[in-house]
Amino acid sequence: MIHTAWCLGILAALSVQAKDNPEYEHWANCKPGSWVKFKIEGEMRGQKFEMTETAKLLEVTQEKCVVEHTRAGKVGPQELPPQVQKEDVKAKDEEPDKVLREGEEEIEVDGKKFKCRVIDLEKAKDKSTMKIWVTKEIPGGVVRGEISPPPGQKGVMKITSVGWEKK
């Protein structure tokens, strides 16, 4: 199943060998209790899916941020029970992804305009590709993302921030 915490980890792609982790920086500039809610939809292996995920900041230290992910949704006609998982977002990243392109773009999400950094990248682990729009205005940084599976697999996943509170 799709691990959307992985989507939030895509900001780590900006790192090179144990450097500062941009995802950590996006969470660390918030106070515990900050959250972002995502709408996730797509198709993988011929199955359409729709999910929601809320990522909530629980703790911030110099070494890591602890983020709780709560997801629910459906794959095809099957409803998935809610799942809760904690993630340690480390301050340093040791598994960098390959940045293919970077730029700036203004986009509108949930009626609000954001000046975003746009990043196209390839995941080091499985060669899947992503395009993400990030800003410091939203906890965790991700405003929108488009994810394609590794070569040889079909499908696409779109993730969009639909609500948030930065404390």
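The values are calculated or read from the model by the stated rules, or taken from the named source; none is laboratory data. Here the structure is a predicted model, which is why all the values come from computation and not from measurement. A quick note on method: Cβ atoms are made from the backbone with ideal geometry, for glycine too, and the neighbour counts reach across all protein chains shown.
Return the total of residues in segment 124-167 being among the charged types (D, E, K, R), touching a residue at least 24 places away in the same chain (Cβ under 8 Å) and in contact with a strand residue (DSSP E or B) (Cβ under 7 Å, 6 or more places away or on another chain). Reasoning before the result, please.
Taking segment 124-167 and keeping what is among the charged types (D, E, K, R), we get 125-127, 131, 136-137, 144, 146, 154, 158, 165-167.
If we keep only those that are touching a residue at least 24 places away in the same chain (Cβ under 8 Å) too, we end up with 125-127, 136-137, 144, 154, 158, 165-167.
If we keep only those that are in contact with a strand residue (DSSP E or B) (Cβ under 7 Å, 6 or more places away or on another chain) as well, we get 137, 144, 158, 165.
Selection size over segment 124-167: 4.
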Practice item. Of the conditions (1) farther than 25 Å from Asp126 by Cα; (2) buried (at least 16 other Cβ atoms within 10 Å of the Cβ); (3) in contact (Cβ under 8 Å) with a residue 60 or more places away in the chain, Pro32 clears all except one; give me its number. Key: (2)
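In contact (Cβ under 8 Å) with a residue 12 or more places away in the chain, among the hydrophobic types (A, V, I, L, M, F, W, C) and closer than 14 Å to Glu23 by Cβ: is that true of Ile119 in this structure? It would help to see each step written out before you state the result.
Numbers: in contact (Cβ under 8 Å) with a residue 12 or more places away in the chain: yes; among the hydrophobic types (A, V, I, L, M, F, W, C): yes; closer than 14 Å to Glu23 by Cβ: yes.
Criteria met by Ile119.
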Check your understanding: Does segment 144-167 include one or more residues that are surrounded by 13 or more Cβ atoms within 10 Å (Cβ to Cβ), within 24 Å of Pro32 (Cβ to Cβ) and either of a type in the set (Ser, Thr, Tyr) or in contact with a His (Cβ under 9 Å, 6 or more places away or on another chain) (or both)?
Key -> yes
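Yes/no matrix, rows are residues, columns are (1) modelled with pLDDT of 95 or more; (2) in contact with a His (Cβ under 7 Å, 6 or more places away or on another chain); (3) closer than 19 Å to Glu25 by Cα; (4) surrounded by 15 or more Cβ atoms within 10 Å (Cβ to Cβ):
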site: Glu108; (1), (2), (3), (4): no, no, no, no
site: Asp120; (1), (2), (3), (4): no, no, no, yes
site: Met130; (1), (2), (3), (4): no, no, no, yes
site: Trp133; (1), (2), (3), (4): yes, no, yes, yes
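Residues Gly103, Gly73: which one is surrounded by fewer than 14 Cβ atoms within 10 Å (Cβ to Cβ) and either in contact with a Phe, Trp or Tyr (Cβ under 9 Å, 6 or more places away or on another chain) or in a strand (DSSP E or B) (or both)?
Details: Gly73 fails: surrounded by fewer than 14 Cβ atoms within 10 Å (Cβ to Cβ).
Testing whether each residue is surrounded by fewer than 14 Cβ atoms within 10 Å (Cβ to Cβ) and either in contact with a Phe, Trp or Tyr (Cβ under 9 Å, 6 or more places away or on another chain) or in a strand (DSSP E or B) (or both) leaves just Gly103.
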